Amino acid sequence: MGVRSVAEARKDDDEYFPLDKEYAISFEKAVSFVTPCLDDFDEYIRKEAKDLALPVYEEENSCDMFGENDFETFCDDNAPFHQIGGLPFFTQSDVRREGDVLLFQMDSEGEIGWGDMGIANFFISLSDLKAHDFTNVL
């Protein structure tokens with residue numbers, strides 16, 4: 001099978017291929033935060049609020065626990081883009097399977113375009129990651 005270059009891949013699907021060339025990767029250690037796009041966001045926020053002795057109103061959506069300005073700031077300041085590991089970010093819905101961890105995430109930016117400004121997420125089970133088995137990456 002092997003790894004093809006971007007130029008080779010673009011020959012097959014020129015119009016929709018998300019990259020126009022190869023890009024170098026540089027690394028920077030950072031903290032990622034739970035975001036409202038995760039299916040377990042409400043559960044996580046409610047647990048943390050209870051642990052911090054903050055009021056929790058079960059009938060409310062967890063997003064309603066923030067003031068409007070606080071919520072917008074939270075979302076704007078903590079939205080991840082390209083990353084290895086950490087908590088994923090989704091533009092539509094959380095597609096993780098039970099036990100999946102984020103392997104790699106690449107966001108649309110500049111010359112990189114996933115559909116309509118989407119994000120590519122690659123997930124792996126923790127057991128496969130520990131075994132260095134990358135045959136079942138989602």
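The values are calculated or read from the model by the stated rules, or taken from the named source; none is laboratory data. The shown structure was predicted, so the numbers you read here are calculated from the model rather than taken from an experiment. With ideal geometry, Cβ positions are generated from the backbone for all residues, glycine too; neighbour counts draw on all protein chains shown.
Numbers for the structure displayed
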| read-out | value |
| --- | --- |
| Region 97-115, residues that are touching a residue at least 40 places away in the same chain (Cβ under 8 Å) and touching a Pro at 6+ places or on another chain (Cβ under 7 Å) | 112, 113, 114 |
| Residue in region 110-138 that is farthest from residue 81 (Cα to Cα), counting only those that are surrounded by 12 or more Cβ atoms within 10 Å (Cβ to Cβ) and at pLDDT below 80 | 115 |
